[in-house]
1. So, A:Ala228, is that one modelled with pLDDT of 95 or more and crowded, with 24+ Cβ neighbours inside 10 Å or not?
2. Which of the residues that make up the stretch B:118-153 are among the aliphatic types (A, V, I, L, M) and in contact with a strand residue (DSSP E or B) (Cβ under 8 Å, 6 or more places away or on another chain)?
3. Are there any pairs with C-beta distances below 6 angstrom linking a residue in the stretch B:55-69 that is within 14 Å of B:Leu9 (Cβ to Cβ) to a residue that is among the charged types (D, E, K, R) and in a strand (DSSP E or B), with the two at least 6 apart or on different chains, and if so which?
4. Let me spell it out: the conditions are (1) buried (at least 24 other Cβ atoms within 10 Å of the Cβ); (2) modelled with pLDDT of 95 or more; (3) over 19 Å from A:Glu198 (Cα atoms), and A:Ala274 meets all of them except one. Which number is the exception?
5. What number of residues within the stretch A:130-155 are of a type in the set (Ser, Thr, Tyr), in a strand (DSSP E or B) and more than 29 Å from A:Lys219 (Cβ to Cβ)?
6. Please go through the stretch B:142-161 and give me each residue that is free of Cβ contacts under 8 Å to residues at least 40 places away in the same chain and buried (at least 23 other Cβ atoms within 10 Å of the Cβ), ordered by number.
7. What's the number of the condition A:Asp127 fails, among (1) touching a residue at least 40 places away in the same chain (Cβ under 8 Å); (2) assigned to a loop (DSSP other than H, G, I, E, B)?
8. Would you call A:Val236 more than 19 Å from the chain's Cα centre (by Cα), crowded, with 20+ Cβ neighbours inside 10 Å and more than 19 Å from A:Ala365 (Cβ to Cβ)?
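The values are calculated or read from the model by the stated rules, or taken from the named source; none is laboratory data. The structure presented is a predicted model; accordingly, all values stated were derived computationally and were not measured. No Cβ is skipped: glycine too gets one built from the backbone with ideal geometry, and neighbour counts run over all protein chains shown.
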Amino acid sequence: MTVTDHSRATADAAHTHGLGTPTPDASRADRPTSFEVDAFTVPTGREEEWRFSPTKALAPVFVDAAADGHLEWDVPELPAGVTLTEVSTADARERSVRAPGDRAAAVAAARAGGAMALTIAPNTVVDEPIQITLTGTGADVRGHLLVEAGASSEATVIIERRGTATYSEFVSVDLAENSGLNLVLLQLWDEDAVHAGEVVARLGRDSRLRGSVVTLGGKAVRLNTSAAFAGEGASVDLFGLYFADSGQHQEHQLFVDHAVPRCTSRVTYKGALAGKTARTVWIGDVLIRKEAEETDTYELNRNLVLTDGARADSVPNLEIETGEIAGAGHASATGRFDDEQMFYLRSRGISEDEARKLVVRGFFADLIQEIGVPTVEESLMKAIDLELEHVNEELAEEQA
Amino acid sequence: MSTLEIKNLHASVETPEGTKQILKGVDLTINSGETHAIMGPNGSGKSTLAYSLAGHPKYEITEGSVTLDGEDVLAMSVDERAKAGMFLAMQYPVEVPGVSVSNFLRTAKTAIDGEAPKLRTWVKDVKKSMDDLRMDSSFAERNVNEGFSGGEKKRHEILQMELLAPKIAVLDETDSGLDVDALRIVSEGVNRVKDNTGLGIMLITHYTRILKYIQPDFVHVFVNGQIAEQGGRELADRLEAEGYDRFLASA
C-alpha cells in the first residue's frame, strides 16, 4: 500500500527563482513590446516564451494579414455610464495601456480594423454584472478590445467566448485611480477553436482589479496576462481555472510587474487534466522592481492530473530587486488523483464516476467562489460536471 | 442476520520478482453479531485478506469463493461490495485533498443507501457519532485524512463504519499506532456500533492489547496465508504469553 501525500507532490517542470530563470532576457521586464508586427519574428517554439506552445496549431494567428471573419457580439443593454464604442486603429493604439508583447497580439492590434472600447465613466457604480458574449462562426478573427474603468468606478464585466474561431486578440485593461473592476474572461469555445490572447492591465493608484480566467474549451488556447502597477496602493487578484481533455492545449502565462511601492498581488491558478494528450502550461512571472518597496505578492498554481499521459507544466518565477518588501512567495504543485484514492472512495460505495466528480469539484470549489459572480459560479460548476461526463465517457471507451 | 462465507480463498500479488501467492486457502464464516479476531505475525497475509475482501485491484483471487448472504462478493466491483454491506476500515487511510469529511460522508451515505439521507437526521447522526468518538466538529470541514494524526485517521474510519452501517466490517489493524486513550475511544466506538447494529466484525490485529477492549467470540491464528489454529478468547491469552513462535516454527 502506498500513502499518497500531495503536500510533497511537485511540478515536474523547472521551478526557478530569480537569477536562475532560463529567460534569455536579463529580466522579464526586458521583453520587447511594439505595435509593429515586424518587431516580432514568427515563433518557432524555440523561444523562451513559446517553448511550451503548440506553434503549429497557432500558426494562423502569426500571419500578418487581415482576417475576414468576426465574432458575433451579444451585448446587453448597457447601464448608465457604460458605453461600448468602435475606435479607429490609431486611436486604439493611443488608448491601449501599452503595446503588444508578442506577435499574435501585435497582428491582432494591427489587423483588427479598429477596436471595441468598453468604457465605464468615472464615479459610475454598476451593481449588476455586464455580460458580453462573443460567438465564433468558424472564421479567422483578429480582435482588439479596450476595457477602461474610470476613476472611482466599480463594475463587473464578463466576456464569454463561445463557438469556434481561429482568434487572436489584444485586450487592454485600464484602471484609473481608485477604480474597482471585476473582469471575467470565459473561454468556453467549441473543441476545435484556436485562441491566442494577450491581456495587459495597468492599475492606477488605489485601484483594484479582480481578473478571472476560465478556460474549458478550445483545441489550443494561449492567454498571456500582464498586470502592471502604475500607482501606489493598488491591488490585483488574478484567478484562473482550466480543465484540459485529450487533444487540448491550454496555456496561461502571467506577469505581474510591481513597479511602484505598496501594491498587492495574488495569483491563483488551478487546472485539472484528463486524457492521454491533455496538456496545460502555467508560467507565472512576478517582478518586484527596486522602487516597489512594501510589495506583498503571492502566486500559486495547482494541477490535478486525473489520468495517465496528461502533462502539466508549471513554472513560477519571482524576481526581486529590493529587500524592502512585505512578503513574496510562490507555490506550485502537481498532484495525481491516484488508484489508492480511487480505491478508498469506492470502498465506501462511491462509484468511479462519482469519485472523480467529488475530487474535481472539491479541487475547484474554493477557486470558483473567488470569482464573485453567483451566476458565473453556478454555470461553471455545471460546465465542470459536463467536462467530467466527457472524461468518464472517454475513460469508459479506453477501458472497453 | 447476515453471513459472510469465505471458502478456500487463494490470492496472489504481482511483485518485481514475479507472482507471489499470499493467501493459500482461507476458510472462515462470520455471522452478524460475531467478532472474529484474526491474529498473526507480520507478513502472514492478514492485510491481503482484508484488501482481497474489499476488492483491491492489486490482489488477484486465484481460487475459492466469498459470499455475503449467498451473493458472490468476488463478482462485485469495489463500490458494489460496499453497497452490499461490506466495510473495510483501513490500516493506512488515504488522503483525499480537496474533499471535506462532511462532503465525503454524505456522498458515501447517499451511494450506499441509493438516496440522499434526510438532512436533519443526518446532521444529527454525524454530530452524535463525532461527539462519541471525541472528534471536534471542525473535523467535518477538513479534507479527508489530510494532516490527520494516526488516531484521528482511525477514529474517522470508525465514524464511517457507524454512519454507513455495514453488515460485515473488516478492521485492518485499527489498533496499530494508537496510544491507550485513542485505542479506548476507537474500541468503544466499535462496541457501540456492534451493540446498535449487530454487525459482524473481522478484527485483524497484530497485538492482543485491543482484545482487552473488544471481546472476540472467536480467535483465529493466521500464519503463512492460512488459518493455523482457532479457538476462543483463551487462544489470545496464550498468544500473549507465548507469542507466535510456536506457529512460525511449524510453518
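1. Numbers: modelled with pLDDT of 95 or more: yes; crowded, with 24+ Cβ neighbours inside 10 Å: no.
Here the answer is no, as A:Ala228 does not meet what is asked.
2. Initially, the stretch B:118-153 is screened for residues among the aliphatic types (A, V, I, L, M), giving B:119, B:123, B:126, B:130, B:133, B:135, B:140, B:144.
The answer is B:Ala140, B:Val144.
3. Listed by first residue and then by second, the contacts come to B:Gly64/B:Lys7; B:Ser65/B:Lys7; B:Thr67/B:Glu5.
4. Status for A:Ala274: all satisfied but (2).
5. 0
6. B:Arg155
7. Exception for A:Asp127: condition (1).
8. Judged against the criteria, A:Val236 is not a match.
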